[in-house]
Amino acid sequence: MSHELYNVDKFTLKILMVSTEFPPIPGGVGRYTKNLANGLKRLGIKVSVLCNEKGEGDYTGIDPENENNSKVILDVIDKYDPDLAHIQLEHGLYGLKMNSINPKKLRTNIDKFYEECKIPIITTFHSAYPLRQWMELSRYPNLQNKNMITFSINLTKQISGYWERLINYHSFNLANRKKMQLSHANIAFSHYLAKLISENENTISDQKLLRKFSVIYHGAEPSVNKQVRKREAREVFSLPLNRKIALFFGFMTHTKGWDILNHLDIPNDWIIVVNQSKNLFNLAKPLPINGQDQPKTLCNTEIRNGKMSKIINLNRGFLTDNELSFLFYASDIIVLPYTVTSGSGVMFDALAHGLPFIATDLGFFKEFADQGLGIVAKRRPKEFTKAIKKVESEYLQYTQRIERFNTELTWDNVALQHFELYSNVLGKNNRIKNSPYPYASP
């Protein structure tokens with residue numbers, strides 16, 4: 001897809017990019033923000049990043065626990081004087097406060113920013129959920145399974161946490177929609193996510209609100225030369241050369257669904273390679289894999305375990321971009337048995353390295369499976385085993401479709417689409433800073 005530049009002078013355009021996560025803080029939102037900012041800078045746009053004090057942005061001070069996040073952002077806007085503010089919105093990273101008695105009191109620590117900001121706002125939504133997935137985010141996702149309920153004080157905590165999430169679901173959706181309405185433009189990584197956020201109470205997509213969304217795919221590119229051979233990549237991790245590799249990779253949260261490995265019948269000519277890492281702001285503990293104690297997976301040692309060494313747990317923790325590229329090139333497919341997802345940077349990264357995906361049949365993954373880039377399946381071990389065999393039998397067709405799709409994922413292409421959106425917003429706003437914009441009515 002070609003994208004033409006608007007008549008906004010990109011060399012005078014100043015963007016404030018806001019993301020609590022930013023490298024060296026580990027996290028998908030942070031990596032995304034850094035790559036997008038770098039892509040925009042290559043276009044000649046001036047971009048400054050506001051992030052947490054542990055990140056290496058141009059400005060710091062926001063934090064999930066900081067109730068003054070709005071003031072921090074507004075103060076930086078006054079100092080930096082950008083043309084627009086671009087928020088990378090993952091509610092938990094700005095402090096999502098739910099109320100177990102009155103869900104109307106649900107709030108985040110950046111609500112006032114959206115209400116008081118006098119320059120155009122663009123919001124990239126990193127999350128929204130149908131009810132079932134929202135409930136899976138509970139610290140007690142298996143409450144409905146009577147075998148998981150523990151009695152005494154724990155039971156009370158489980159029920160309380162589950163109830164709090166249940167009654168706050170509607171308020172969370174309203175919070176998303178309000179931020180969407182107060183933004184001059186909105187971005188989602190998939191049509192699925194855009195429709196989900198723009199749904200009204202009757203679960204009918206609101207076309208007026210949907211028009212405020214632009215779908216721009218999550219950028220993804222290899223960090224190392226695309227000519228890296230599989231043998232060379234596997235040698236980096238001392239992986240066997242005579243089997244196909246299905247990769248399980250990502251942060252260690254229970255929503256990744258890796259407990260499926262405990263019952264997965266791995267085809268004879270395949271092995272599973274696992275690598276987990278811990279996010280700085282991670283709040284949820286994952287379920288164990290084959291009885292392993294999770295903290296041990298953070299050691300920088302390599303462990304082979306499982307039936308006849310069919311599961312290899314690298315235990316490398318957070319990987320650098322180059323290490324991650326080598327790991328993708330060493331693999332044949334990526335497996336994503338998630339119980340919850342709004343979008344998956346890991347899926348896009350895997351596609352950028354030519355890997356088909358196998359994923360749970362969630363709405364986000366279905367959109368890309370429909371393009372022939374992978375397979376979705378019921379989250380049952382037998383279904384995932386079947387899917388592995390199907391991808392193997394049609395591997396060439398999958399990789400050819402992925403190769404054509406990947407032109408959409410280059411960071412330069414993603415940055416150019418953002419520049420077009422910025423230009424369009426500023427053009428409609430007459431490019432006048434601090435001029436109130438006619439917000440969409442709720």
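The values are calculated or read from the model by the stated rules, or taken from the named source; none is laboratory data. Remember, predicted model here, so these are calculated numbers, not experimental data. Note: ideal-geometry Cβ built from the backbone for every residue, glycine included; neighbour counts use all protein chains shown. For the accessible areas, the whole protein counts, side chains as well, though only heavy atoms, and no ligand, DNA or RNA atoms are used. Shrake-Rupley method; radii C 1.70, N 1.55, O 1.52, S 1.80 Å.
Tabulated data for the structure shown
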read-out: Subset of segment 84-104 (residues that are in contact (Cβ under 8 Å) with a residue 60 or more places away in the chain, of a type in the set (D, E, K, R) and farther than 20 Å from G55 by Cα); value: K104
read-out: Residue under evaluation S331, criteria (1) open to solvent by 10 Å² or more (accessible area, probe 1.4 Å); (2) in contact (Cβ under 8 Å) with a residue 60 or more places away in the chain; (3) of a type in the set (S, T, Y), criterion not met; value: (1)
read-out: Residue count for segment 77-101, restricted to those that are open to solvent by less than 10 Å² (accessible area, probe 1.4 Å) and either among the small types (G, A, S) or in a helix (DSSP H, G or I) (or both); value: 4
read-out: Segment 26-44, residues that are open to solvent by less than 10 Å² (accessible area, probe 1.4 Å) and either among the polar types (S, T, N, Q) or in a loop (DSSP other than H, G, I, E, B) (or both); value: G27, T33
read-out: Check on T203, β-branched (V, I, T), at pLDDT below 90 and either part of a loop (DSSP other than H, G, I, E, B) or over 24 Å from the mean Cα position of the chain (by Cα) (or both); value: yes
read-out: Hey, L426 part of a helix (DSSP H, G or I) and either modelled with pLDDT of 95 or more or open to solvent by less than 80 Å² (accessible area, probe 1.4 Å) (or both) or not; value: yes
read-out: Output for segment 164-191, where each listed residue is farther than 15 Å from T108 by Cβ and buried (at least 18 other Cβ atoms within 10 Å of the Cβ); value: R165, H184, A185, N186, I187, A188, F189, S190
read-out: E116, sole failed condition from (1) open to solvent by 10 Å² or more (accessible area, probe 1.4 Å); (2) more than 20 Å from M180 (Cβ to Cβ); (3) at pLDDT 95 or above; value: (2)
read-out: Test result for E403, crowded, with 17+ Cβ neighbours inside 10 Å, of a type outside the set (F, W, Y) and in a helix (DSSP H, G or I); value: no
read-out: Lone qualifier among V72, V47 - being open to solvent by less than 50 Å² (accessible area, probe 1.4 Å) and either on the phi > 0 side of the Ramachandran plot or without any contact (Cβ under 8 Å) to a residue 24 or more places away in the chain (or both); value: V72
read-out: Candidate set from segment 241-262 (those that are at pLDDT 90 or above and open to solvent by 40 Å² or more (accessible area, probe 1.4 Å)); member that is nearest to I388 (Cα to Cα); value: K244
read-out: Selection from segment 54-76 of residues that are in a helix (DSSP H, G or I) and in contact with an Asp or Glu (Cβ under 6 Å, 6 or more places away or on another chain); value: none
read-out: All positions within segment 64-95 that are out of contact with any Pro (no Cβ under 8 Å at 6 or more places or on another chain) and farther than 19 Å from K46 by Cα; value: P64, E65, N66, E67, N68, N69, S70, K71, V72, L89, E90, H91
read-out: Some residue of segment 11-24 being open to solvent by 40 Å² or more (accessible area, probe 1.4 Å), out of contact with any strand residue (DSSP E or B) (no Cβ under 6 Å at 6 or more places or on another chain) and among the aromatic types (F, W, Y); value: yes
